[in-house]
Amino acid sequence: MAGTEEEEKFSLKEVLDTFKLCLSDSKEIYLEQYVAGWRGLVRLLNSLGSVFGFISSDAVNKINILVAHLKGENGSRYVTVQSMVAYELENDLVDLSKRGSHPESGCRTLLRLHRALRWLELFLERLRTSGEDSKTSTMCSEAYNESLSRHHPWVIRKAAGMAFCMIPGRPAFLEAMNVGPPEQVVAKLGEALPLISEVYQITEDLYSRHSLMDLP
Ligand SMILES: CCCCCCCC/C=C\CCCCCCCC(=O)N[C@@H](COP(=O)(O)O)[C@H](O)/C=C/CCCCCCCCCCCCC
């Protein structure tokens with residue numbers, strides 16, 4: 001994997017800039033930038049060690065499915081999350097109640113990343129407001145228990161719980177963001193969080209409106 005995009009150095013600033021570019025003036029979410037934001041996060045995850053490999057593989061798999069839609073013959077219908085939802089629903093390209101002929105629809109794939117974005121929001125808010133002695137593993141598992149865990153079977157919850165124990169402590173974690181001293185990272189997180197929350201909320205409203213929250 002040497003030299004692949006996922007192995008380049010993580011930069012919180014870059015991820016923040018990408019999430020900024022995600023939103024159009026009319027609050028549509030550009031899929032290409034959304035996916036690029038996730039790629040940046042996967043870079044950080046990879047830098048934390050191979051124990052997170054099963055998590056990053058799943059994220060990369062989902063990113064690749066969305067990229068394939070973007071680059072496919074109907075790529076122009078996948079420019080924004082809103083246009084993707086409209087296109088796939090109008091053309092019966094989504095398995096709505098049980099898995100069938102569209103196991104890799106854009107809608108169900110993005111839903112998995114959307115749920116993970118809620119975990120990220122909760123985790124980063126804890127990280128931002130935590131004290132020097134707080135444990136990143138506790139912050140991470142609390143955020144997970146409040147979000148993603150309800151969508152995962154026991155075996156995944158167990159594996160995730162074990163991986164969380166290997167997250168570096170707060171000082172090393174903040175350093176991995178490549179922003180500067182902890183106070184600067186905290187300030188950057190303060191900038192990043194409203195953006196991440198806005199992207200999350202717009203997607204949440206869109207999916208709720210179309211009853212897409214439980215796609216199999
Ligand atoms: C700016 C600060 C950065 C903070 C660090 C963030 C690094 C996070 C990078 C990537 C997060 C991974 C996103 C994982 C997506 C999981 C999607 C999912 O739920 N997939 C499951 C369901 O998929 P289908 O079977 O229905 O297709 C799949 O079963 C999951 C398998 C893998 C386990 C997922 C565990 C998720 C834990 C999320 C916390 C990541 C911990 C990172 C520690 C820093």
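Below, the figures for the structure above:
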| item | result |
| --- | --- |
| Sole exception among (1) part of a loop (DSSP other than H, G, I, E, B); (2) within 11 Å of the ligand (Cβ to nearest atom); (3) open to solvent by less than 30 Å² (accessible area, probe 1.4 Å) for Met166, by number | (3) |
| Qualifying helices (runs of 4 or more DSSP H) (wholly inside segment 3-93; at least 3 residues being small (Gly, Ala, Ser) and within 19 Å of Arg115 (Cα to Cα)) | 31-47, 53-71 |
| Boolean, Lys62 is at pLDDT 95 or above, exposed (fewer than 15 other Cβ atoms within 10 Å of the Cβ) and basic (Lys, Arg) | no |
| Some residue of segment 147-154 being touching a residue at least 60 places away in the same chain (Cβ under 8 Å) and either under 18 Å from the mean Cα position of the chain (by Cα) or over 20 Å from Gly37 (Cα atoms) (or both) | no |
| Residues located in segment 1-12, provided they are closer than 18 Å to Val179 by Cβ and modelled with pLDDT under 85 | Glu8, Lys9, Phe10, Ser11 |
| Those residues of segment 24-57 which are open to solvent by less than 30 Å² (accessible area, probe 1.4 Å) and away from the ligand (no atom under 12 Å from the Cβ), in sequence order | Ser24, Ile29, Leu31, Tyr34, Val35 |
| Residues within segment 194-216 that are among the hydrophobic types (A, V, I, L, M, F, W, C) and assigned to a helix (DSSP H, G or I), tallied | 5 |
| Evaluation of Pro153 against (1) within 11 Å of the ligand (Cβ to nearest atom); (2) of a type outside the set (A, V, I, L, M); (3) open to solvent by less than 50 Å² (accessible area, probe 1.4 Å) (one fails), failing number | (3) |
| Glu198 vs. criteria more than 10 Å from the ligand (Cβ to nearest atom) and surrounded by 13 or more Cβ atoms within 10 Å (Cβ to Cβ) | yes |
| Condition check for Ser141: under 27 Å from Thr109 (Cα atoms), within 12 Å of the ligand (Cβ to nearest atom) and open to solvent by less than 70 Å² (accessible area, probe 1.4 Å) | yes |
| Residue among Arg115, Arg108, Arg128, Arg99 that alone is open to solvent by 80 Å² or more (accessible area, probe 1.4 Å) and not in a loop (DSSP other than H, G, I, E, B) | Arg128 |
| Qualifying residue in segment 172-180 (condition: surrounded by 15 or more Cβ atoms within 10 Å (Cβ to Cβ), within 24 Å of Pro194 (Cβ to Cβ) and under 17 Å from the mean Cα position of the chain (by Cα)) | yes |
| Residue satisfying all of: in segment 130-160; in contact with a Phe, Trp or Tyr (Cβ under 8 Å, 6 or more places away or on another chain) and small (Gly, Ala, Ser); farthest from Leu45 (Cα to Cα) among these | Ser147 |
| Residue among Leu195, Leu174, Leu215 that is farther than 20 Å from Leu44 by Cα and touching a helix residue (DSSP H, G or I) at 6+ places or on another chain (Cβ under 7 Å) | Leu215 |
| Count of residues meeting criterion [at pLDDT below 95 and either more than 11 Å from the chain's Cα centre (by Cα) or under 17 Å from Ser105 (Cβ atoms) (or both)] in segment 26-50 | 8 |
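The values are calculated or read from the model by the stated rules, or taken from the named source; none is laboratory data. Nothing here was measured: the structure is a model prediction, and the numbers come from that model. Note: ideal-geometry Cβ built from the backbone for every residue, glycine included; neighbour counts use all protein chains shown. Note: accessible area is taken over every heavy atom of the protein model, side chains too, but ligands, DNA and RNA are not part of it. Shrake-Rupley method; radii C 1.70, N 1.55, O 1.52, S 1.80 Å.
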